[in-house]
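J.: Let me begin by handing over the structure; questions about it come next.
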Amino acid sequence: MTVQHLLLVVPGAPGAAAHLVEADAQHPQLSVLDVAATRGDGIFETLSTGRGHAQALQAHLDRFARSARMLDLPAPDLAVWRDAVLALAQRLADHDEAWVKIVLSRGIETPGVAALPTGWAYGTVSPDFRRERTEGVDVVLLDRGLRSDVSDTSPWLLAGAKTLSYAVNRAAVREAQRRGADDVVFVSSDGLLLEGPTSSLVIRRGDELATPPDALGILPGTTQVDLFAAADQWGLRTVVEPLTPDDLRAADAAWLVSSVRHAAPLRSVDGAALPVDAPLSAAMNGFLRARTA
């Protein structure tokens, strides 16, 4: 039986704090009029937990608030969301790896009436990612169709916000699967590497780890930040700079890193083999699983 836990984050009256309500994840909770369902108009974060510890919690909460600002949503009460995550992490404390997803939507559309936001936190046990973390994944490069300066030229496109509008991301993964691959690395229309549909890109060049900058319109990666903070213990230095497909093809190793799957090495790009650094992959994943904050 699937282990599932659900807390609703109920907004308070004007001037009052939101509060948490226990709910049954097996029963419907969302109105068919909620814009989370009808328009994908909302934000989310997914974070890993291990034996009751929520990992990179503050970074996820900060990014949650950042996405809310980008969508002009009411500022989330981060203390309440923190309580929700910690409560679910404790309920999943018997498991080495689990995850919690927090969601905030604009609420129910009613003409002439200000909507109250809808929020919830859901937690369950993580899938087994041992194959992806050890054998690696095959990726294809796909054009995202946006220039690398999209955040400056067209901020209304919400590049770099973690929104509920994931239809394009899922379509990209299906396209990768049609091409015989597992995942995607997006490329800007002016030829720069960006990110995966649900992950950040990290490459190794000798003793250097590199990743593209957030300014290119990509989501700031909480897992990438944690790995870069730990890089010196593996004798590596770090750099954040624009990267091209040629940089990826010439890399000594590369990974797609994310909160739940952790570090998945890339074993091929568009069908061309890429070296898999098994020892460093194991070190990265061991570090990520062991985090207690």
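J.: Report, to the nearest 10°, how far helix 278-290 tilts away from the longest principal axis of the Cα atoms in the chain, using its own Cα long axis and a range of 0 to 90°.
T.: Helix 278-290 and the main axis of the chain meet at about 20 degrees.
J.: Rank these for me by crowding, Y166, Y122, going from fewest to most other beta carbons within 10 Å.
T.: So the ranking, lowest neighbour count to highest, is Y166, Y122.
J.: Place a +1 charge on the Cβ of each Lys and Arg in region 186-293 and a -1 charge on the Cβ of each Asp and Glu, then give the dipole magnitude about the Cα centre in debye, rounded to the nearest 20.
T.: 440
J.: Given Cβ point charges of +1 (Lys, Arg) and -1 (Asp, Glu) and nothing else, what value in debye, to the nearest 20, does the dipole of the chain about its Cα centre take?
T.: So the magnitude is around 360 debye.
J.: Please arrange W234, W255 by how many other C-beta atoms lie within 10 Å of their C-beta, fewest to most.
T.: Fewest-to-most Cβ neighbours within 10 Å comes out as W234, W255.
J.: Can you give the angle from 0 to 90° between the axis of helix 57-70 and the longest principal axis of the chain, with both taken from C-alpha atoms, to the nearest 10?
T.: 70
J.: Still on this structure, I have one more. Along the charge dipole of the chain, which of L6, A215, A250 sits closest to the positive end, that is, farthest toward it, with unit charges on the beta carbon of Lys, Arg, Asp and Glu (+1, +1, -1, -1)?
T.: L6
J.: In the set (1) 29.8, 122; (2) 19.3, 60; (3) 22.4, 90, which value of Rg and Dmax of the Cα atoms in Å was calculated from the structure you see?
T.: Step by step, Rg and Dmax of the Cα atoms in Å for this structure corresponds to label (2).
J.: Going by how many other beta carbons lie within 10 Å of each one, how would you line up R179, R131, fewest first?
T.: R131, R179
J.: What size of dipole, in debye to the nearest 20, comes out for region 1-119 about its Cα centre when the only charges are +1 on Lys and Arg C-beta atoms and -1 on Asp and Glu C-beta atoms?
T.: Charge dipole of region 1-119: 240 debye, to the nearest 20.
J.: Go through P28, I203, A172 and say which Cα lies farthest out towards the positive end of the charge dipole of the chain; charges sit on Cβ, +1 for Lys and Arg, -1 for Asp and Glu.
T.: Of the options given, the answer is P28.
J.: Could the peptides 85-94, 23-32 be put in order, highest first, of the mean number of other beta-carbon atoms found within 10 Å of their residues?
T.: My ranking of the peptides, most packed first, is 85-94, 23-32.
J.: For a quick protection proxy, order the peptides 267-275, 46-54 by their average other-Cβ count within 10 Å, most packed first.
T.: 46-54, 267-275
Every read-out reported here was derived from the displayed coordinates using simple, explicitly stated rules and does not represent laboratory data. Source: prediction; values computed, not measured. FYI the Cβ positions are ideal-geometry reconstructions off the backbone, even for glycines, and counts take in every protein chain you see.
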